[in-house]
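I have placed the structure first, in the form of structure tokens, so that the comments after it can refer back to it.
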Amino acid sequence: MRLCYFIKEAFLIFLEEPKTILVSILVIAFSFLVFNLFFLVTWNLKNASDKLNQEIKIEVFLKDDLIPSQVDSLKGSILKLGGVKKITYKSKFQALKEMKRYFGEKLLEGLDFNPLPASFVLELKEPYKKSDQIERLVSKIKQLNGVEDLEYGKVWVSKLERMLSLSFLLDLILGIIIGITSILMVTSAIRLCVTLQKGSLDLIRLLGAKKSFILTPYLLNGMIQGGLGGASSWVLIWGLSLLLTYGFFRIEFLPGVSIIILILSGFLIGGIGSLLALRRFLT
Amino acid sequence: MSLLKINNLAKIYNHRTVALDNVNLEIERGELVFLFGPNGAGKTTLFKLIILDERPTSGEIILDGISSLKIKAKKIPNFRQKIGMMFQDQRFLEKKDIFENLAISLRVLGEREKRVTKKVTETLGWVGLSGKRNSLPEELSDGERQKLSFARAIIRSPLLFLADEPTSGLDTLNSSYILELIQKINSLGTTVIVATNQFRLIENQPARVIRLDSGRIVE
């Protein structure tokens, strides 16, 4: 099989310039590691955000003068807005009881009336647990008759989402920079190999080899370099995560699919790097 | 129709060094031709032009009906595949063993591995290099290197066999052996051109001898 021959030749190129290629793989591995570290932070932020979002609830405080039929009608109106998974009524009495449980009996000792309002506690459906969806729902609820005020983790929800977006953007920028660096690394390694093998390649050309026959092993070699770099970076970040987990932090490791993505990205980057190096020989 | 036709071929390097000047040549299928001339006569240049390693300044080469003037770049490998060549400077894949050095000549044609192995084994036996199958080219003697060069050129049964100074640097025994091999493949129907500057090689040869001097055919 021709492919077997090309793959064998691609691996033999490692023996021709082992030091250059090893350096190239290490540079790719450590560049990817930097990206992985940043992505690990993003991944953990996202997980934290998801967990907090799971717990998010909106508390709708009701005006004091509502009669039971108005309360029922308001409940119906809220449910009609959509996005609400569960709605629970909390009476003034229950609110007071909860407050006393948290802060002690003495807190409201001097008061001869219950100042706390009744409320609805809303649990949201999955797609509505994002800050923009929550904001939309909140603004609609605010317009309903009988609503005094609302309470939800507005500040931390939007802050966390902003942090997450920023983190994703940073990853993207870093990914592009690291991708370009890795491509250039493979390009220079392959170019050096091709230059050093010029005599042999010339001979094969004169024997009647087509360009694809001559250059395919180099293209594959670049892809293998990238793939190995990607895989090594996964091993490094895995080791580092273990170390951090057993040390000080409680972190979640990147999902299993990340190793496949890293290797495929490595292949792609290595392939592009090789093509850039071989461009001169292909034209 | 002749296998190789060369019309008004000229090669001038750097606008002043004339390597070949108005060379006209016609070689029939199955013919054995000696290209005789001193060093610098233009023999190697002529071979380089025939395998399209270099482009002529003017003129045309027609091999098996394919003209060097009309051939498209992507068809040049197919053109070269019709030729087997022994290079004067004994070029090999120095980091690969003898088997691989022969196999590459078939692999570029897209031959299957099974056939490659069979043909290489046969050819190594034919030129007496079976015992050197796993050696590197640098481990061979001069005579063995020439045998390897010969084997690589003929393993794919080329239409045209070019041998550039095939006996250069060899003792009488090895020279005779290489010449014998060349005559043998010619007798099997391969068209052969041997470039040499050794008069003793062309002495008493029943073949056509073309004399080349300062880039011109003189006889």
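No value in this document is a laboratory result; all are computed from the given coordinates. Just so it is clear, the structure is predicted and the values come from calculations on it, not from any experiment. Neighbour counts run over all protein chains shown; Cβ positions are idealised from the backbone, glycine included.
Here are some notes:
- For a modelled paramagnetic label at A:K100, 7 Å from Cα along Cα-to-Cβ, the residues of region A:55-94 in reach, with backbone nitrogen under 20 Å, are A:90-94.
- Label-point separation in nm, A:E126 to B:I71, each point 7 Å along Cα→Cβ: 6.5
- Amide H contacts under 5 Å for A:V84, placed H, 5+ residues apart: A:K125
- Gaussian network model of chain A, springs between alpha carbon atoms under 10 Å - residue of A:V41, A:V71, A:V257 with greatest fluctuation: A:V257
- Electrostatic bookkeeping for B:E54 treats Lys and Arg as +1 and Asp and Glu as -1; over the other residues with beta carbon under 11 Å from its beta carbon, the sum is +2.
- In chain A, the calculated helix contribution to ellipticity at 222 nm averages -25000 deg cm²/dmol per residue, counting -39,500 (n - 2.57) for every DSSP H run with n ≥ 4.
- For the protein assembly as shown, the mean projected area of the C-alpha convex hull, equal to one quarter of the hull surface, is 37.6 nm².
- For chain A, the fraction of alpha-carbon pairs in successive 10 Å shells from zero, as %: 6, 20, 18, 14, 12, 11, 8, 6, 3, 1, 0
- Cut-off under 5 Å, modelled amide H: who pairs with B:V209 long-range: B:F34
- Neighbour-count order for B:I104, A:I272, fewest beta carbons within 10 angstrom listed first: A:I272, B:I104
- Calculated FRET value between B:K114 and B:K184, using beta carbons and R₀ = 35 Å, to 0.05: 0.85
- Cut-off under 5 Å, modelled amide H: who pairs with B:T191 long-range: B:G30, B:F161
- Were the residues from A:N114 through A:W156 laid out at 0.36 nm apart, the gain over their Cα-Cα distance would be 12.1 nm.
- DSSP-defined beta bridges in chain B - what % are antiparallel, rounded to 5: 45
- Sequence-separation-based contact order of chain B, relative, with Cα cut under 8 Å and 6+ spacing, percent: 32
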